[in-house]
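Here's the structure we're looking at; comments come further down.
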Amino acid sequence: MASNRALQILQNKWVATILTFVIFVVVWQIVGSYILNPLFISYPTAIASAFARLAVSTGQYSLIGPTVPTLLETFEGFGLSILIGLPLGLLLGISRTLDISLNPYVNALYVTPRIAMIPLIIIWFGIGEPAIVFTTFFLSVFPMIVNTYVGVRDISKSMLDTAEVFSIRGLRRFRYVILPATFPFIIAGLRLSIGSALVGAVVAQMILSLSGLGYILTAFGDFFQTAQLMAVIIELMIIGVIMNYGIDLLGKRFADWKVTERGYR
Amino acid sequence: MFVEVNDVKKSFQMSRQKETLQVLDGISFSADQGEVVSIIGPSGCGKTTLVRILAGIEKQDSGSIKIENHEVTGPGSNRGMVFQTFNLFPWMTIEQNVGIGILDLPEEERKKRVETYLAMVNLQGFEKYHPHQLSGGMQQRVGVARAMALEPKVLLVDEALANVDAQTAEQLMDQLLQVFAKTKKTVIYVTHNMDEAIYMSNRIVVLSKRPSKVIQVLDDELPTPRWEKDTRAMPEYGQLRTTLRKSLGLAR
Ligand SMILES: Nc1ncnc2c1ncn2[C@@H]1O[C@H](COP(=O)(O)OP(=O)(O)OP(=O)(O)O)[C@@H](O)[C@H]1O
Ligand SMILES: [Mg+2]
């Protein structure tokens, strides 16, 4: 009986999550401080105190200040990706001609490691904010295009036939059928895109900037300040999680039918 | 004649091989105004293909279809269609689904029609639901309401009951028959179920297997109004069923 009860408690989602987290932190603490050189990955208490110190300090080497350019550049690139990638993905999905003529390039660029373009971007834009925003945009626009495109292409023949039978054509077809049917894919595109935008901003700042979270990551790395480095990584993780959550909310608000249909949640 | 189908032929190009698959081999039949004409035939004989041609979303190779002497050349709101697989738009609520074919109507009238036809299929109170929150039988009733909301001259029904369970199908048959009678609709009713064909129609067009031709057209003069259970118990019912079985090659 007692063991049965223990098993039940363990099966509770939160208990399991918290328990694994506690075990993870304790093991990390022991391994990171006693077994490995702390320079390797540091350990939780050191990282926590570095995090606390950096969180309240100001200036170039802190958590708050450098977050501003990173977020700005992430959202500038992401915004451009939506403005350009979303319509382009829809057009590629709808128009056969555009698909045939442009899709090979989109696909080629989609599979290319796009970070390889950074030296070229430096030649175009020099070093500084425009180059960073462009890198961010360039990394994040493709997931937007490709997901939207796939979404349009995924609309089943029977849905399109039905639209035809009920004389839903032109702009109405777009508004009542194509756009809502594609919406869950657009949400997936936004999620991948905003993640790529953050990667783009951080990587670009590591190479092209003297500010931002990307820059201080390299700086802390250069000085072997592992605990501080880890604190920045954790902050980026938190930012990523929050952004994802935001997109999720958007999805649940506007594509609720898909969420419930799949029995998700 | 209200609906005239004249020598309709249709083949499909098989994409990989060079060969073509002939499905319809000169189908002709007609329907008077207010008549329910069933199309029955073995699976794969081209019933759905025929209905799709009638709906204007598939093009015949030759032959013609006329509704009130007007040649059918594409989809139009003089025909409503009920699909074998329901085909509701999952992102729309029930009332949005029912109103989707009548976007051109003024808002007031549109609302009224949606209300009328949802009531006709006994779905008041489900306006704000989404399709996945309804049972299969209920979803198909939405499909019927959506097609009826067009107030079409001809209602095309493609195996509407093939994807609901037997019990629900029986109830739906009674409901459909009432809707047809109340609105005096001209209906082309596709099924592969003999009892359904006999129960629902005024005439039954029997198709052969692929490439399909019309084997026979049977008049179905069972008395109206019909009720599933009572009608089935009539001696005429048994006679018609035997004739139909013979025609379909299931008995001699
Ligand atoms: N778009 C298409 N391309 C190629 N072949 C097709 C196409 N649509 C239908 N067919 C073929 O035409 C034949 C008739 O199909 P159809 O769906 O009209 O049959 P059906 O009588 O409705 O069958 P069921 O009773 O199983 O619904 C089938 O052999 C099918 O494979
Ligand atoms: Mg069929």
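Structure notes:
- Counting only helices (runs of 4 or more DSSP H) that sit wholly inside region B:137-252, those with at least 3 residues that are open to solvent by 10 Å² or more (accessible area, probe 1.4 Å), away from ligand 2 (no atom under 16 Å from the Cβ) and farther than 30 Å from residue B:93 by Cβ are B:228-233, B:235-247.
- The single residue among A:150, A:146 that is under 16 Å from the mean Cα position of the chain (by Cα), more than 14 Å from every other protein chain (Cβ to nearest Cβ) and part of a helix (DSSP H, G or I) turns out to be A:146.
- Exclusive hit being of a type in the set (Lys, Arg) and either away from chain B (no Cβ under 12 Å) or more than 30 Å from residue B:55 (Cα to Cα) (or both), set A:191, A:175: A:191
- Under the condition of being touching a Leu at 6+ places or on another chain (Cβ under 6 Å) and more than 8 Å from chain A (Cβ to nearest Cβ), the residues counted in region B:81-97 number 1.
- Residue match in region B:39-53 (condition: assigned by TED's automatic domain parsing to the domain that holds residue B:215 and of a type in the set (D, E, K, R)): yes
- Flag set for residue A:93, criterion: in the same structural domain as residue A:189 (by TED's automatic domain parsing) and open to solvent by less than 40 Å² (accessible area, probe 1.4 Å).
- For residue B:104, the conditions (1) part of a helix (DSSP H, G or I); (2) surrounded by fewer than 21 Cβ atoms within 10 Å (Cβ to Cβ) are fulfilled apart from (1).
- Taking the numbered list (1) in the same structural domain as residue A:229 (by TED's automatic domain parsing); (2) over 30 Å from residue A:204 (Cβ atoms) in turn, residue A:70 passes all entries but (2).
- Screening residue B:113 with (1) touching a residue at least 24 places away in the same chain (Cβ under 8 Å); (2) under 20 Å from the mean Cα position of the chain (by Cα) gives one miss only, at (2).
- Within region B:32-59, considering residues that are small (Gly, Ala, Ser) and within 16 Å of ligand 2 (Cβ to nearest atom), the one most open to solvent (accessible area, probe 1.4 Å): B:43
- For region B:187-202, a tally of residues being in contact with a Leu (Cβ under 7 Å, 6 or more places away or on another chain) and more than 14 Å from ligand 1 (Cβ to nearest atom) returns 3.
- Out of B:62, B:77, sole residue that is in contact (Cβ under 8 Å) with a residue 40 or more places away in the chain, in contact with an Asp or Glu (Cβ under 9 Å, 6 or more places away or on another chain), away from chain A (no Cβ under 14 Å) and open to solvent by 10 Å² or more (accessible area, probe 1.4 Å): B:62
- Out of B:207, B:218, B:222, B:177, one residue alone is in contact with a Cys (Cβ under 6 Å, 6 or more places away or on another chain) and aliphatic (A, V, I, L, M). It is B:207.
The values are calculated or read from the model by the stated rules, or taken from the named source; none is laboratory data. Since we're looking at a predicted model, the values are computed, not measured. Cβ: placed from backbone, ideal geometry, glycine included. Neighbour counts: every protein chain shown. When the accessible area is computed, the model is the full protein with side chains, heavy atoms only, and any ligands, DNA or RNA have been set aside. Shrake-Rupley method; radii C 1.70, N 1.55, O 1.52, S 1.80 Å.
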